[in-house]
1. Mind scanning A:258/B:118; A:303/B:118; A:303/A:466; A:258/A:303 and naming the pairs with a C-alpha gap bigger than 21 Å?
2. In whole percent, and with a 1.4 Å probe on the protein chains, what portion of the accessible area of region B:5-113 is carbon and sulfur?
3. Which order do the peptides A:358-366, A:241-249, A:425-433 come out in when sorted by mean C-beta neighbours inside 10 angstrom, highest first?
4. Putting +1 on Lys and Arg Cβ atoms and -1 on Asp and Glu Cβ atoms, find which of A:10, A:170, A:262 reaches farthest to the positive end of the dipole of region A:1-273.
5. Percent relative contact order of chain A, based on C-alpha pairs within less than 8 angstrom and at least six residues apart?
6. Hey, what do the phi angles of region A:396-409 turn into as Karplus ³J(HN,Hα) couplings, whole Hz, using 6.51/-1.76/1.60 and θ = phi - 60°, x for Gly and Pro?
7. Through the Karplus equation 6.51 cos²θ - 1.76 cosθ + 1.60, θ set to phi - 60°, convert the phi angles of region A:179-195 into ³J(HN,Hα) values in whole Hz; use x for Gly and Pro.
8. Over region A:274-489, with every protein chain in place, what whole percent of the accessible area is carbon and sulfur at 1.4 Å, could you tell me?
Amino acid sequence: METNLVEFVPLAVLLPFFGAGFAFAFYRNQSVQKSITLGTLIITVILEIALLTEIWHTGAHAVHLAGWPAPFGISMVIDRFAALMLVVSSIITLAVLLYAVGQGAAEEKNDSGPVSIFYPTYLILVAGVSNAFLAGDLFNMYVGFEIFLTASYVLLTLGGGEQRIRAGVTYVVVSIISSMLFLITIGLIYAATGTVNLADLALRLSELEHGTQLMLHVLLLVAFGIKAAVFPLAFWLPDSYPTAPAPVTAVFAGLLTKVGIYAMIRTETLLFPGERINTALMIVAGLTMIVGILGALAQADIKRMLSFTLISHIGYLVFGLALSSIVGMSATIYYVAHHITIQTTLFLVTGLIERRSGSSNVDRLGGLAKISPVLAILFFIPAMNLAGIPPFSGFVGKLGMMQGGIAENTWITWTLVIASVVTSLLTLMAVARIWARGFWRKGEDAEEPDKLLLSKTLTHARAANKRLLPMNMVAPTAALVAMSVAFTVFAGPLMQFSRAAAYDMYERTPYLDAVLGEERVDGVRDELTEFTEDLLVDLDTGDAGVEDHAPVRTGLEPEDRENLEDTRHSTSGDEGEPVEGGGD
Amino acid sequence: MTINLTLLIVMGVMLAVGIYLLLERSLTRVLLGIILISNGVNLLLLQTAGRAGLAPLVTDGAEPEEYFDPLPQALLLTAIVIAFALVSFVLALIYRSWVLARQDEVTDDEEDRRVAAKPDYDPEEDAEVETETSEFIEDEQMTLKEGGEDRGDESR
């Protein structure tokens, strides 16, 4: 008998839960707890990579728990987008866990005490995030959100110091309000349609009155917008994130806001496709970018600065999803994966900086490039990546969005394209400031530097590196940096993949087929396919402007010019290759 | 769909009072606000089931419309459990905040205050640049004093 691997999707949620249970049971024994947690996450990563390879070719698949068919039972749905998010998120969490283990080992002497609650809570966070990614109905998504939010409350206030409690109160109250809004929306949607299954809703919501649809749509977006930290709803984030320990902040910054974005993308594609509120979304996106990055420039603390850049880059994602075109959405999917990695890496590096120099305030840093070149490289690559300097993946993603914006060719998309270029430059300025002060200038120039920075000679400083930057903290960070570089190296296949994912999501039939069965979808299939065809923007002008702007004829002209044109047709656009006049 | 007017009004009042309390600075009132809002939302979920009917067990000869919709109650139960967990967590936070700071209020973020109070003028960025900005002159003097240690800096 052959069992399909994809049927094991629920394990992505169950494994971390079981792991958490066992880890709680062994709360007295740190090393057992550690190995259980590590083992669970490694198995989860392997499982999810296997799932991704399966889904890569076959597309969406739904598992109906306990055999109850949708829309009556609970279904877990994995499609290309969800699979990608699962893999990226679990790799990130594994790397952060390794870092946390390293940090725990390094700080054991500081008498901060072994915290037996950390590992199980961390696993519950992972389970909640996976559940939110896989949920096939709104209520299950709500439960997923609550699981990881509750875990995040515990992680944020770990240790219960004054700072963390203060930050925790704001964070908890704001999150609870957004959850309540989500719950209200679920109630209203159920009252209006009589179902909470996402696939079923996709078919039924369009039958509602226009005004009702708009209200439900906006309510959902506001609830998710608070979680995703979109501009007017983002002020809780820089207040609360920086106080947590470095690994916790890293995983929060990388994952939690992206779950919000994931839910927004699902809302925009599956539940309420169309261009009803795109202009409003774009205005919000532009404000998120600009306000976020201006906030970052005002900060002196690296963690706070990064929190603000996190907000501003959420703006890019909202822009991409507001474009409502395959190009924009595929760039968004790519950018989400890229941004999870980059933001996590930067926060981990900041943790290392803080360990090495005793402070994360840029005014008090200096000379780090000389003291630890490894740390400098680890910071430099993701920082440039965040700013979107070519050839890094940040550039590829942003370029895709700008292409989408330019192809749409309305005043609002042009405004957004300009705003995103400006934001990119300001991000560069923000990270360059960290670089110039923390790494480039001399150690003596720093204001009241910590004594960790002031070694007598370079040899002394390098010797201290071994103690302050232990290998088991640097290695996970380096692995994440390598992963972020891999996003550039494999940009071609990844872009192709996210294009396929974007196409699936707008067409919706793969998702609906998987959940509801083909018979129910057949009635509307043509309509859905037609809808998607409208969203395909042809970016390729055929000659990339060569004929107009640079008509060069040489003796080396290839003979079969026709063929060459054809191959170019089929490859460009998929890889987001820089087209002349692409917006910068 | 039939809606019970009394429940609807009770829900509205609960949400309104809850939101009012949530806007207070005192944490205990915020907590009371959260409790009221979550119960208000639960009432909303309850009402989405519509008019009361037969228990959702198969009864001979009963039409499907006569049964009561059980799903909202399942959702409601889950929501109650979650709200209970959250409320107890917030209560613990408030207690901890009281133990640490002896005050039952949302405290200011110090870093926020510091950044806000920062003058527009940053000596490092906005000061008049001296006429000689080259670092090399200084470096040359340094190398004379200290030997080869700064050479690595120059080569970059």
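1. Violating the 21 Å Cα-Cα cut-off are A:258/B:118; A:303/A:466.
2. Accessible surface attributable to carbon and sulfur in region B:5-113 totals 67 percent.
3. A:241-249, A:358-366, A:425-433
4. Result: A:170, furthest along the dipole toward the positive end.
5. Over chain A, the number comes to 15 percent.
6. Result, ordered by residue: 4, x, 5, 4, x, 5, 5, 4, x, x, 5, 5, 5, 6 Hz.
7. Listing the rounded values in order: 5, 4, 4, 4, 5, 4, 4, 4, x, 5, 5, 5, 4, 7, 10, x, 8 Hz.
8. That share works out to 70 percent.
The values are calculated or read from the model by the stated rules, or taken from the named source; none is laboratory data. Bear in mind that the values here come from a model prediction, so they are computed numbers and not experimental data. No Cβ is skipped: glycine too gets one built from the backbone with ideal geometry, and neighbour counts run over all protein chains shown. Side chains are part of the model used for accessible areas, which takes the heavy atoms of the whole protein and leaves out ligands, DNA and RNA. Shrake-Rupley method; radii C 1.70, N 1.55, O 1.52, S 1.80 Å.
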